[in-house]
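Shown next, in structure tokens, is the structure this report addresses.
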Amino acid sequence: QVQLVESGGGLVQPGGSLRLSCAASRSISSLYIMGWHRQAPGKERELVASITSSGSTKYADSVKGRFTISREDAKNTMYLQMNNLKPEDTAVYYCNLHHRFLGSDYWGQGTQVTVSS
């Protein structure tokens with residue numbers, strides 16, 4: 001078992017920035033892909049960005065060029081730097097570990113990001 005704790009959400013004006021963090025309770029095996037998902041009210045949860053143990057990244061088209069995912073294995077922590085935030089980025093953001101072969105997932109409790117003037 002592993003616990004994931006997100007932090008860094010909040011209220012920001014359009015065009016602003018936030019940095020989300022996800023701290024894991026133990027080191028993460030290379031068999032897991034780390035990722036950020038989000039869920040807006042009335043919408044399905046969607047993948048925002050993911051990163052493998054080798055540092056390979058993927059982004060949703062809607063956040064490319066604005067968001068950057070990274071990880072710091074020495075601290076068992078993953079980050080999501082969000083720049084030029086838009087109102088449509090408003091959602092609860094969840095940290096996720098996805099097993100590459102078993103398909104199993106671990107989830108954090110989520111952190112609210114609200115982009116509004």
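The values are calculated or read from the model by the stated rules, or taken from the named source; none is laboratory data. Predicted model only: the values in this text are computed from it and were never measured. Neighbour counts are summed over all protein chains in view; Cβ atoms, including those assigned to glycine, are modelled from backbone coordinates with ideal geometry. Protein only, heavy atoms only, side chains kept; ligands, DNA and RNA dropped before computing areas. Shrake-Rupley method; radii C 1.70, N 1.55, O 1.52, S 1.80 Å.
Could you check, for the stretch 85-96, whether at least one of its residues is among the polar types (S, T, N, Q), over 17 Å from Leu4 (Cβ atoms) and out of contact with any Phe, Trp or Tyr (no Cβ under 9 Å at 6 or more places or on another chain)? Within the stretch 85-96 (the criterion being among the polar types (S, T, N, Q), over 17 Å from Leu4 (Cβ atoms) and out of contact with any Phe, Trp or Tyr (no Cβ under 9 Å at 6 or more places or on another chain)), the answer is yes, since at least one residue qualifies. Among the residues in the stretch 78-85, are any open to solvent by 60 Å² or more (accessible area, probe 1.4 Å), among the polar types (S, T, N, Q), part of a loop (DSSP other than H, G, I, E, B) and touching a Gly at 6+ places or on another chain (Cβ under 7 Å)? Yes, some residue in the stretch 78-85 is open to solvent by 60 Å² or more (accessible area, probe 1.4 Å), among the polar types (S, T, N, Q), part of a loop (DSSP other than H, G, I, E, B) and touching a Gly at 6+ places or on another chain (Cβ under 7 Å). Can you confirm whether Thr114 is farther than 14 Å from Glu6 by Cα and either touching a residue at least 60 places away in the same chain (Cβ under 8 Å) or within 16 Å of the chain's Cα centre (by Cα) (or both)? Considered against the rule, which asks whether it is farther than 14 Å from Glu6 by Cα and either touching a residue at least 60 places away in the same chain (Cβ under 8 Å) or within 16 Å of the chain's Cα centre (by Cα) (or both), Thr114 comes out as yes. Take Ser62 and decide whether it is outside any helix (DSSP H, G or I), within 19 Å of Gly16 (Cα to Cα) and touching an Asp or Glu at 6+ places or on another chain (Cβ under 8 Å). Considered against the rule, which asks whether it is outside any helix (DSSP H, G or I), within 19 Å of Gly16 (Cα to Cα) and touching an Asp or Glu at 6+ places or on another chain (Cβ under 8 Å), Ser62 comes out as yes. Candidates are the residues of the stretch 105-117 that are open to solvent by 50 Å² or more (accessible area, probe 1.4 Å) and part of a loop (DSSP other than H, G, I, E, B); the one that is farthest from Met78 (Cα to Cα) is Ser117.
When the stretch 76-87 is filtered for residues that are under 16 Å from the mean Cα position of the chain (by Cα) and over 16 Å from Tyr59 (Cα atoms), the ones remaining, listed by number, are Asn76, Thr77. Considering only residues in the stretch 34-60 that are under 18 Å from Glu6 (Cβ atoms) and polar (S, T, N, Q), the one that is surrounded by the most Cβ atoms within 10 Å (Cβ to Cβ) turns out to be Ser50.
Please verify whether Val92 is under 16 Å from Val12 (Cα atoms) and either open to solvent by 40 Å² or more (accessible area, probe 1.4 Å) or out of contact with any helix residue (DSSP H, G or I) (no Cβ under 8 Å at 6 or more places or on another chain) (or both), treating the condition exactly as stated. It is true that Val92 is under 16 Å from Val12 (Cα atoms) and either open to solvent by 40 Å² or more (accessible area, probe 1.4 Å) or out of contact with any helix residue (DSSP H, G or I) (no Cβ under 8 Å at 6 or more places or on another chain) (or both).
Those residues that are closer than 22 Å to Val12 by Cα, of a type in the set (S, T, N, Q) and open to solvent by less than 60 Å² (accessible area, probe 1.4 Å), I need them from the stretch 63-77; list them, please. Within the stretch 63-77, Ser70 is the sole residue that qualifies. Pairing each residue of the stretch 85-96 that is within 20 Å of Ile33 (Cβ to Cβ) with any residue that is among the acidic types (Asp, Glu) and buried (at least 22 other Cβ atoms within 10 Å of the Cβ), provided the two are 6+ apart or on different chains, yields C-beta distances under 8 Å for Tyr93/Glu6; Tyr94/Glu6; Cys95/Glu6.
Look through the stretch 1-33, keep the residues that are open to solvent by 40 Å² or more (accessible area, probe 1.4 Å) and in a strand (DSSP E or B), and return whichever of them is nearest to Arg66 (Cα to Cα).
Arg19
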